[in-house]
Amino acid sequence: MLAGVLAFDLVFPSLADWGIRSFPQSITAPLVLDISYGHLATAFGVLVLLMVAVADRLDPGKRLDPEPDQKEPLWRREWGFGLAGASAGLIILASSAQGQYFGLSGSYAALTAHIADWFGFSLESVPTLNETTAWRAASAAGLFPGAAASALMSKSFGNVPVTPLWAAAHPSGVKSRGPIVFVGGFMVLFGALIGGGCTTGAFMAAWPTLSVGSFAMGATFFGTGMATATLLYWGKWGLLSEVRSRGLSLATD
């Protein structure tokens with residue numbers, strides 16, 4: 001991911017010449033529809049809650065994967081959509097209340113800029129280092145000990161479960177998975193910065209502003225994800241059919 005930030009910084013001076021990131025970023029649904037923000041936000045919030053409730057009830061994964069052990073403490077089992085979503089919402093609300101914009105791609109860019117500054121280099125895409133960039137850098141750096149603490153508390157540090165598709169395509173081991181993970185991390189950050197935001201910044205944190213661009217981004221994420229999952233996991237040629245035919249466990253194999 002840090003390498004993706006550095007690659008983006010190399011092409012950053014040429015983006016304007018390519019016509020990238022030159023579109024207005026403040027077009028919101030209330031402005032387009034000429035409706036009060038409060039009324040539209042309330043209606044949209046209720047609609048999203050209903051959609052999430054229906055999706056959670058219809059989620060086919062619940063019929064395939066074993067139910068989590070409800071006897072385990074909260075910090076040792078997988079969180080559901082409700083608790084995880086509410087926690088993420090509170091984090092976004094807290095950052096917005098401070099006049100900050102929460103987003104991980106920008107946070108990684110800030111972290112890379114601060115690390116580069118230690119070695120006497122500066123990034124053109126992050127021109128100034130101040131309290132805002134320090135806050136963003138800290139949020140990105142905190143992901144590493146946070147993930148480690150979560151894995152230790154859930155007792156999955158040495159056996160983090162992966163999806164059946166990933167396990168079938170790439171056997172366990174650094175040589176098999178390391179290069180793919182590196183390329184994936186690079187592309188995620190490079191693409192997010194080229195696009196002007198990631199799933200947390202341009203999608204989750206921008207939805208409360210009722211940004212039209214955020215709606216389009218969300219529709220692209222969900223549409224592509226649903227289409228890909230359908231092709232890979234369902235039907236005669238899906239991975240799920242292969243897993244079932246081999247009698248493998250979705251959770252471990």
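Please state the shape class of segment 71-197: rounded when a/c is under 1.5, otherwise prolate if a/b exceeds b/c and oblate if not, all from the C-alpha gyration tensor. Oblate is the answer for segment 71-197, as a/c is 1.5 or above yet b/c matches or exceeds a/b.
Among S172, S107, the order by Cβ neighbours within 10 angstrom, fewest to most, reads S172, S107. For segment 2-246, the equivalent ellipsoid built from the Cα gyration tensor has semi-axes of 31, 26, 20 Å, listed from largest to smallest. Shape call for segment 136-185 from the C-alpha gyration tensor, a ≥ b ≥ c root eigenvalues: rounded (a/c under 1.5), prolate (a/b greater than b/c) or oblate? Oblate is the answer for segment 136-185, as a/c is 1.5 or above yet b/c matches or exceeds a/b. With R₀ fixed at 25 Å, the C-beta to C-beta distance from L93 to L15 puts the FRET efficiency at about 0.20.
In what sequence do S211, S154, S125 fall when counting other Cβ within 10 Å, fewest first? Let's see the in-between values first.
On the way: S211 21, S154 15, S125 18.
Final ranking by Cβ density, sparse to dense: S154, S125, S211.
Quick note: the coordinates plus some simple rules give every number you see, no bench work behind them. All values derive from a computational prediction rather than experimental measurement. Counting neighbours? That spans all protein chains shown, and the Cβs are built from the backbone with ideal geometry, glycine included.
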